[in-house]
1. Taking Pro72 and the conditions (1) of a type outside the set (D, E, K, R); (2) buried (at least 18 other Cβ atoms within 10 Å of the Cβ); (3) modelled with pLDDT of 85 or more, which numbered condition does it fall short on, given that it satisfies the others?
2. Can you tell me how many residues within region 301-341 are surrounded by fewer than 16 Cβ atoms within 10 Å (Cβ to Cβ) and aliphatic (A, V, I, L, M)?
3. Scan region 196-205 and give yes if some residue there is over 24 Å from Lys337 (Cα atoms) and of a type in the set (Gly, Ala, Ser), otherwise no.
4. Which members of region 113-142 meet the condition of being of a type in the set (Val, Ile, Thr) and assigned to a strand (DSSP E or B)?
5. Here is a check on your reading of the model: is Asp273 at pLDDT 95 or above and touching a strand residue (DSSP E or B) at 6+ places or on another chain (Cβ under 6 Å)?
6. From Val371, Val329, grab the single residue that is assigned by TED's automatic domain parsing to the domain that holds Leu416, modelled with pLDDT under 95, more than 28 Å from Pro430 (Cβ to Cβ) and in contact with a Ser or Thr (Cβ under 9 Å, 6 or more places away or on another chain).
7. Against the definition (touching a Lys or Arg at 6+ places or on another chain (Cβ under 9 Å) and farther than 26 Å from Leu244 by Cβ), how does Arg198 come out, yes or no?
8. Within the group Gly265, Gly298, Gly275, which residue is in contact (Cβ under 8 Å) with a residue 40 or more places away in the chain and surrounded by fewer than 14 Cβ atoms within 10 Å (Cβ to Cβ)?
Amino acid sequence: MNTLIRLAMLGLLLLAGVAKAADPLVISSGTDRAIPIAVVPFGGPGGAVLPENMAEIIGNDLRNSGYFEPIPPQNMISQPSQASEVIYRDWKALGAQYLLVGNVVAGGAGLQIQYALFNVTTEQQMLTGSVGGSTAQLRDMAHFIADQSFEKLTGIKGAFSTKLLYVTAERFAANNTRYTLQRSDYDGARAVTLLQSREPILSPSFAPDGRRIAYVSFEQRRPRIFVQHIDTGRREQITNFEGLNGAPAWSPDGSRLAFVLSRDGNPEIYVMDMGSRQVRRVTNHLAIDTEPFWGKDGQTIYFTSDRGGKPQIYKTNINSGAAERVTFVGNYNANPKLSADEKTLVMIHRQDGFTVFRVAAQDLVRGSLRVLSAQTSLDESPTVAPNGAMLIYATRQQGRGVLMLVSTNGRVRLPLPVAQGEVREPSWSPYLN
């Protein structure tokens with residue numbers, strides 16, 4: 001896997017077997033049909049062509065959720081945005097269940113987009129609204145409209161206006177690799193470089209406020225944790241302990257940072273108060289404990305440990321220190337991430353053999369496990385959208401490290417069009433104000 005700790009675990013822990021539990025359910029494609037929706041192309045003021053295809057961005061957002069299937073553009077019919085002029089029978093003939101239309105007009109110093117959502121089956125208008133901004137903000141406005149429409153149709157808050165962190169590694173010569181920390185839209189568009197280094201960057205993680213990030217840098221030739229303020233670029237070195245310093249994870253309120261240190265021998269989980277910078281140890285076991293992830297109560301930490309013989313996921317209360325095993329299906333489960341409602345645990349899972357690592361989701365209520373990435377086999381670093389509808393993970397495709405987006409219902413799976421070089425270590429932002 002891609003951190004030193006994970007590499008150590010692979011090297012140390014692939015030796016002993018674990019009793020095999022029930023086989024997981026493999027989701028290779030969606031079992032139910034996504035809901036057809038038509039997103040009519042948005043025209044610019046006075047019929048001008050916009051620099052961004054608003055309908056395409058909105059349609060892609062809704063499709064990526066796994067809930068909707070946009071009507072192909074070539075099947076689209078032209079209609080105005082006024083509710084009184086929507087001809088429902090034409091859209092019914094195309095099989096659309098919902099219809100989204102928009103109209104772009106000049107407004108002040110920028111643009112104003114008026115949009116409306118219709119239920120074609122009941123012939124009723126469901127939503128109307130407007131959003132304004134500059135030409136450079138067209139993509140932001142498209143994501144906003146997709147968020148509003150998705151929430152109206154599903155009751156789930158949209159996550160299309162969120163951001164993504166990831167790391168790229170581009171090799172120019174045998175001993176010349178450039179690592180960059182990138183921040184982009186959730187779909188990989190509009191990437192901005194936050195940090196460049198000749199040494200590896202690992203485990204980026206958004207703070208709950210979305211304004212700070214923590215990550216591991218090897219710029220001192222050994223792993224140390226830094227916090228960077230996105231708006232200003234100001235950086236702070238947070239740890240400088242002997243041995244491994246890795247896997248930073250923010251508490252739900254952003255006041256504490258959990259991470260892994262090996263200063264006392266083997267890797268254990270520690271928590272730092274970001275105000276006082278005081279550090280206390282959470283786990284205490286002869287096994288390797290790593291990859292912490294906070295529960296929303298701010299007291300529970302899920303983590304990966306080999307204390308049962310192979311890497312499995314456990315949870316502990318940071319005050320009592322008592323650990324409870326959570327995963328039992330498969331002989332390898334690591335890198336835990338929770339959905340927002342804490343009903344689903346996403347992880348890297350291995351069922352059989354020693355080379356196939358896939359993204360899986362475990363229902364924490366029923367205990368069932370689904371493999372979400374059946375078409376890839378060297379998966380790592382899953383990160384979940386704040387609404388739980390989508391996740392992104394790193395994998396390999398045609399010999400190159402790429403990021404893959406998958407809907408948690410299994411209907412959608414597609415690579416993200418991100419930068420050149422090896423791409424890895426994705427981290428999804430919280431909701432941004």
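The values are calculated or read from the model by the stated rules, or taken from the named source; none is laboratory data. Remember, it's a predicted structure, so these values are computed and weren't measured experimentally. Glycine gets a Cβ as well: all are built from the backbone with ideal geometry, and neighbour counts include every protein chain shown.
1. Among (1) of a type outside the set (D, E, K, R); (2) buried (at least 18 other Cβ atoms within 10 Å of the Cβ); (3) modelled with pLDDT of 85 or more, the lone unmet condition for Pro72 is (2).
2. 1
3. Among the residues of region 196-205, at least one is over 24 Å from Lys337 (Cα atoms) and of a type in the set (Gly, Ala, Ser), which makes the answer yes.
4. Ile113, Thr128, Val131
5. yes
6. Being assigned by TED's automatic domain parsing to the domain that holds Leu416, modelled with pLDDT under 95, more than 28 Å from Pro430 (Cβ to Cβ) and in contact with a Ser or Thr (Cβ under 9 Å, 6 or more places away or on another chain) holds for just one of Val371, Val329, which is Val329.
7. The answer is no for Arg198.
8. Only one candidate qualifies: Gly298.
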